[in-house]
Amino acid sequence: MAKVTLTVNGRTVSGECEDRTLLVHFIRETLGLTGTHVGCDTTQCGTCVVHMDGQSIKSCSILAVQASGSTITTIEGVAVNGEMHPVQAAFKEHHGLQCGFCTPGMVMTAIDIIGRHNGTLDEATVRHELEGNICRCTGYHNIVKAVLSANAEMHAGRQAAE
Ligand code: FES
Ligand code: FES
């Protein structure tokens, strides 16, 4: 057994797990944060995406012990004071989800994409960068619309604050 200590959604948490435990299972089963989903366990679907030290990762592709000491943000940590994150709000506004199973991973990936492109995102880039996230319901069109809309809003907000 190994002891794992993480900062998750602003809180320091510790737990014991087997050496072979994947980060996604530690998040879901030890920490009880079940918004991060498991759709494949083979690093294809992207439903398990969280942020580790500010970058999106597939949490089924790393061991919990490897992540120990890092800062993790899950879908439960992106809303502020009960207000949805702009990406969550855009998915709602643009009907970027149906069953919702892929949505936490989509949102976490989208936040990372938007953060890395500094307002310069276009549709082709969004489609390319979302290729690691699979949705079996929506056909992606509304997801892409939601990401572009959130990008425009978040970038406008940044400009207004500057
Ligand atoms: S569960 Fe991680 S990519 Fe599918
Ligand atoms: S909304 Fe159902 S899998 Fe994407």
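The values are calculated or read from the model by the stated rules, or taken from the named source; none is laboratory data. As the structure is a computational prediction, the values presented were derived from the model and not from experiment. Heads up, the Cβs are rebuilt from the backbone with ideal geometry, glycines too, and the neighbour counts pull from every protein chain shown. Just so you know, the surface numbers come from the protein's heavy atoms only, side chains and all, with ligands and any DNA or RNA stripped out. Shrake-Rupley method; radii C 1.70, N 1.55, O 1.52, S 1.80 Å.
What the table below lists for this structure:
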| item | result |
| --- | --- |
| The chain: relative contact order in percent, alpha carbon pairs under 8 Å with at least 6 residues between | 23 percent |
| With Cα atoms, 0 to 90° folded angle of helix 141-161 axis to the chain main axis | 80 degrees |
| Heavy atoms of L130 accessible to a 1.4 Å probe, total area in Å² rounded to 10 | 10 Å² |
| Most positive-pole-ward Cα, M52, G132, V38, against dipole of the chain from beta carbon charges | V38 |
| Loop-located GluC sites (Glu not before Pro) in the stretch 28-88, at most 11 other Cβ atoms within 10 Å (DSSP) | none |
| Size of charge dipole - the stretch 86-157 - debye, nearest 20, with Cβ of Lys, Arg +1 and Asp, Glu -1, no other charges | 180 debye |
| Percent carbon-and-sulfur accessible area, the stretch 1-112, ignoring ligands, DNA and RNA, probe 1.4 Å | 47 percent |
| DSSP-assigned coil residues among trypsin sites (Lys or Arg not before Pro) in the stretch 19-89, each with at most 11 further Cβ atoms within 10 Å | R20 |
| Top positive-direction residue, dipole computed over the chain with Cβ charges, set G100, I143, S61 | G100 |
| Accessible surface, the chain, averaged per residue in Å² (probe 1.4 Å) | 52 Å² |
| Electrostatic dipole magnitude of the chain [Cβ: Lys, Arg +1; Asp, Glu -1; Cα centre; debye, to 20] | 140 debye |
